[in-house]
Amino acid sequence: MHTTQPSCPPTRQLTFGDLPIAYDDRVLDPRPWTAAQSAWIAELSHGAPSGPLLELCTGAGQIGLLAVRASDRDGVLVDISAVACEFARGNAAVAGLAGRVEVRQRAVDDCLEPGEIFPLVVADPPWVPSSRTGRFPEDPVLAIDGGSDGLDLARECVSTIDRCLDPRGAAVIQLGSIAQADALGDWMSERADLVAAEVRAFGDRGVLVLLRRPARPEPA
């Protein structure tokens, strides 16, 4: 008896920054504007401690891989989706970065090894409220559904960043709006040792938020 194997969607490719990125309909299409997140991490890399960068919710890997290339650091890329991790590994290999990148198929809240500290973190969580995901039928729900207010995965990312960010490090998280950035900032003020140091808006496409440890007073 022959069984029919489900066919995979056709693979597409685009150039993200200077990297060729392959993906298909099972992962979120790379958004060209998000190369700004990679560039910001590369900018922050100059003043950050040594060590690899961490990316949470990597998808096909484009933002993290471009950040690895631009910052000349190693990287750990995390996603819960096996398909996303397969694309991230393949894209790392094509870019010549396979030896510098570890891809982990894990949930955000269970992705760290004991004692791991990162000087730089990139986070790209889904941020569309669950009630609005139907407006984007071309996008896989897993990649865009951020829960009732769009911030469920963002809060998980912040909790993980709080556990692993070097005291002198920096993280950049992608959200959907200034309102979401404000709401996440309010949540952090009570639950994380992090502050939103800067917000960069990109029209109606999304926002990037810089997270740092709060400044400590100098000892007397």
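Every read-out reported here was derived from the displayed coordinates using simple, explicitly stated rules and does not represent laboratory data. Since we're looking at a predicted model, the values are computed, not measured. So basically every Cβ, Gly included, is an ideal-geometry build from the backbone, and we count neighbours across all protein chains shown.
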Item checked: Subset of segment 46-80 that is of a type in the set (A, V, I, L, M, F, W, C) and assigned to a loop (DSSP other than H, G, I, E, B) - its residue that is nearest to A22 (Cα to Cα) -> A60
Note to self: Contact list please: Cβ distance under 7 Å, first residue in segment 151-168 and closer than 12 Å to A183 by Cβ, second residue among the polar types (S, T, N, Q) and in a helix (DSSP H, G or I), pairs at least six apart or on different chains.
What the structure shows: L151/Q180
Check: If you take the residues in segment 185-196 that are touching a Leu at 6+ places or on another chain (Cβ under 9 Å) and without any contact (Cβ under 8 Å) to a residue 24 or more places away in the chain, which one is nearest to A39 (Cα to Cα)?
Finding: A196
Next item on the list: Give segment 87-123 a look and list any residue that's acidic (D, E) and within 25 Å of G206 (Cβ to Cβ), or say none.
Entry: D109
Next item on the list: Tell me, please, whether a residue that is surrounded by fewer than 16 Cβ atoms within 10 Å (Cβ to Cβ), closer than 26 Å to Y23 by Cα and within 17 Å of the chain's Cα centre (by Cα) can be found in segment 160-167.
Entry: no
Item checked: Output for segment 167-219, where each listed residue is small (G, A, S) and closer than 26 Å to P49 by Cβ -> G169, A170, A171, A181, G185, S189, A192, A196, A197, A215
Next item on the list: Mind telling me which of the residues P32, P52, P20 ends up being surrounded by fewer than 15 Cβ atoms within 10 Å (Cβ to Cβ), touching a strand residue (DSSP E or B) at 6+ places or on another chain (Cβ under 9 Å) and in contact (Cβ under 8 Å) with a residue 40 or more places away in the chain?
Entry: P20
Notebook entry, point to check: Taking interchain pairs and intrachain pairs at least six residues apart, which have beta carbon atoms under 6 angstrom, with the first residue in segment 65-83 and over 14 Å from A39 (Cβ atoms) and the second of a type in the set (S, T, N, Q) and surrounded by fewer than 24 Cβ atoms within 10 Å (Cβ to Cβ)?
Noted result: A82/Q105
Next item on the list: For residues that are of a type in the set (D, E, K, R) and farther than 19 Å from I161 by Cβ, tally how many sit in segment 82-140.
Entry: 7
Note to self: Considering only residues that are under 16 Å from D79 (Cα atoms) and not in a strand (DSSP E or B), which ones fall in segment 160-180?
What the structure shows: T160, I161
Check: Do you know which residues across segment 121-158 are part of a helix (DSSP H, G or I), surrounded by fewer than 16 Cβ atoms within 10 Å (Cβ to Cβ) and of a type in the set (S, T, Y)?
Finding: S131
